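Chemist: Pasting in a structure now, in structure tokens, and then I'll have a few things to ask.
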Amino acid sequence: MTIARDLLWGALALGTVTGMRSMLAPTLVSRALAEHPHIDQMGEPARTLAMPRTRHLLTPLAASELIGDKLPFAPDRTISASMAVRAVSGGLTAAALASARRQPILLPALLGAVAACASASIGLRLRKRYGRSGALANAALGSLEDCLAVTIGNAGLRRAIGKS
């Protein structure tokens, strides 16, 4: 019961992160799983997310997103295409966590996808509400959101994969 509960909390946390930064949560999970000593015993999609190729693709995508989010021409995170990417990213990230623990993946994947969509909507509303003062305020809020996303992501990851 504890593994399932911790896994669902982790799926919720990392789905929330995916709503804020679509590539950050899969990157965090990819890097953590790659360091796991028993990766060959994990299910799919954990093994795929932990592959060096995947990690090497995700890391620059996440870094680019962290920078690009603060630019004035960054697209709205709640447009259909962006929401679809966030939902898939959140779902796959949570599914990878579940498969790493050899648990069923459907419920964590759904929770990760829903949390990503909800977080994207809430985060955009907050940024628009408090970032009206201009580009500098928007960049500052974006940086604060980055810090929050990394903190939530690391906490959720530790809980989901069983590290204290």
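Chemist: Of all residues in the range 1-24, count the ones that are within 14 Å of residue 159 (Cα to Cα) and touching a residue at least 60 places away in the same chain (Cβ under 8 Å).
Modeler: 12
Chemist: For the range 30-46, enumerate the residues that are farther than 13 Å from residue 94 by Cα and not small (Gly, Ala, Ser).
Modeler: 31, 35, 36, 37, 38, 39, 40, 41, 42
Chemist: If you don't mind, there's one more thing I want to ask. Taking residue 25, is it surrounded by fewer than 16 Cβ atoms within 10 Å (Cβ to Cβ), within 28 Å of residue 129 (Cβ to Cβ) and among the aliphatic types (A, V, I, L, M)?
Modeler: No, not satisfied.
Chemist: For the range 93-123: of the residues being among the polar types (S, T, N, Q) and surrounded by fewer than 23 Cβ atoms within 10 Å (Cβ to Cβ), which is farthest from the chain's Cα centre (by Cα)?
Modeler: 103
Chemist: Those residues that are within 20 Å of residue 158 (Cβ to Cβ) and among the hydrophobic types (A, V, I, L, M, F, W, C), I need them from the range 110-125; list them, please.
Modeler: 111, 115, 116
Chemist: What about residue 92, is it within 20 Å of residue 11 (Cα to Cα) and in contact with a helix residue (DSSP H, G or I) (Cβ under 9 Å, 6 or more places away or on another chain)?
Modeler: Criteria met by residue 92.
Chemist: Here is a further query. Taking residue 97, is it in a helix (DSSP H, G or I) and either modelled with pLDDT under 90 or in contact with a strand residue (DSSP E or B) (Cβ under 6 Å, 6 or more places away or on another chain) (or both)?
Modeler: So residue 97 does not fit the description; no.
The values are calculated or read from the model by the stated rules, or taken from the named source; none is laboratory data. Keep in mind it's a predicted model, so treat the numbers as computed, not measured. When we count neighbours, we look across all protein chains shown, and the Cβ atoms used for this are built from the backbone with ideal geometry, even at glycine.
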